[in-house]
Every structure is written in structure tokens, then in C-alpha cells.
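Undergrad: Okay, handing you the structure first.
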Amino acid sequence: MQNIQMNHGQKGFTLIELMIVVAIIGILAAIAIPQYQDYIARSQVTRVVGELSALKTSAEEQLMRGQTPSGDGAAVGFSGSDLLAETNGFELSFQDTGVGSIVGTLGDNASAAIKGAKVTVARDAAGKWTCIVEKGSAGAGWSDDYAPAGCPTSP
């Protein structure tokens, strides 16, 4: 009878290979998670700017009809946003001259870094609309980069 030796190859991974993979995943997560949180904060501020800017058309129409938009937002068709603070999260105020503003304060479901920031869409007497994002009482994680282009930040 012939003695046949079989060559058994290595099965599975060594401990060092597994440790290297875990280290690589840890490094990627350490970089990716803060970047993702910044992306979420930036997209939420941009979303609120868009939601409030959409109300300009309705406010303009009311001003052209001689009405002064005011109140809780129902006057201009605002149905609410889960990113705005529950209490005093939305303000709509206009004067008879047409000067006024639509203000939203981020809260509730907004990212922790942007809670307390204010987005203001304002109209001057000439009918020009401007947008500004204020840090307000936003957390220490606030960055001026969260404001979208065309809507500068102020302290």
C-alpha cells in the first residue's frame, strides 16, 4: 500500500489579517461618519431654505391683492415642517408697505449641530427678496458651510 500525503491548504484567515481589516474599517468609519453628519446638516438647512422660499409666491400674491400676510403660515399655504421647532419655529410677519419676513427656527428633528439656527427670507419695500441663515442658538458643531449658496450666514 502506498502512503499518499495530501497537501492541506490553509483554511480561513489569520488573526493578523482580521485585525488589519478591522483597523481599515475603523479608519474609514472615523472619516465617513463626521462627513455624513455634515452632509445631513447641510441638506437639512437647504431643505428649510427651500420650504420657506416656496412661500414667497403666495406672500407676493397676497401683497398684490392688498392683503398683509401674517399669522401661523396657513395664510400663505405653509403646512409645517418636521425640521422646525415645535414652539415658535415659524414666524410670518409683513407690514402694509410690503416689508416683511418669513422666519424658521430649526429644531425637533433637525441635526444637533443646527438646532436653534434661524433661516430668514425677507422682502424689502422694493419687492426684493433676500435670504440669510443665522447661527442663533445652534450647537458648537455649527459651520457656516451649512448655508446654501445665495443664502449667506450671519452670527
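Undergrad: How high is the relative contact order of the chain, in percent, counting Cα pairs under 8 Å that sit 6 or more residues apart?
TA: On the way: 228 pairs, mean separation 26.9, N = 155.
That works out to 17 percent.
Undergrad: Cut-off is 10 Å between beta-carbons; in what order do Lys128, Lys11, Lys118, Lys56 appear when sorted fewest neighbours first? If you can, show how the numbers build up before the last one.
TA: On the way: Lys128 8, Lys11 5, Lys118 20, Lys56 15.
With the sparsest Cβ surroundings first, the list reads Lys11, Lys128, Lys56, Lys118.
Undergrad: Calculate one ³J(HN,Hα) per residue across the range 136-149 by plugging θ = phi - 60° into the Karplus curve 6.51 cos²θ - 1.76 cosθ + 1.60, and present them in order as whole Hz with x for glycine and proline.
TA: Working through the residues one at a time gives x, 9, 4, x, 5, x, 5, 9, 5, 5, 6, 6, x, 4 Hz.
Undergrad: For a footprinting-style exposure proxy, rank Ser53, Ser93 by other Cβ within 10 Å, fewest first.
TA: Values: Ser53 17, Ser93 13.
Fewest-to-most ranking of Ser53, Ser93: Ser93, Ser53.
Undergrad: Can you list the lysines whose alpha carbon is less than 26 Å from that of Lys56, not counting same-chain residues fewer than 8 positions off?
TA: Partners found: Lys115, Lys118, Lys128, Lys135.
Undergrad: Compute the long axis of helix 15-53 from its Cα atoms, compare it with the longest principal axis of the Cα atoms of the chain, and write down the angle in degrees, 0 to 90, nearest 10.
TA: The angle comes out at about 10 degrees.
Undergrad: Quick one: which residues, 5+ away or cross-chain, put their amide H under 5 Å from the amide H of Phe90? H built at 1.01 Å from N.
TA: It is Thr105, by chain and number.
Undergrad: Continuing with this model, one more query. As an exercise, use a Förster radius of 35 Å and the Cβ-Cβ distance of Ser154 and Ala74 to find the FRET efficiency, rounded to the nearest 0.05. Before the final figure, lay out each step's value.
TA: Values: r = 29 Å, r/R0 = 0.82.
Efficiency, from the Cβ-Cβ distance: 0.75.
Undergrad: Go through [x] 1.06; [y] 0.93; [z] 1.42 and flag the label whose value is the computed Rg/Rh (Cα atoms, Kirkwood Rh) for this structure.
TA: Correct label, based on the coordinates given: [z].
Each reported figure results from applying straightforward, stated rules to the coordinates on display, with no laboratory input. Quick caveat, the model's predicted, so the values are computed rather than measured. Please note: Cβ atoms are built from the backbone with ideal geometry, for glycine as well, and neighbour counts cover all protein chains shown.
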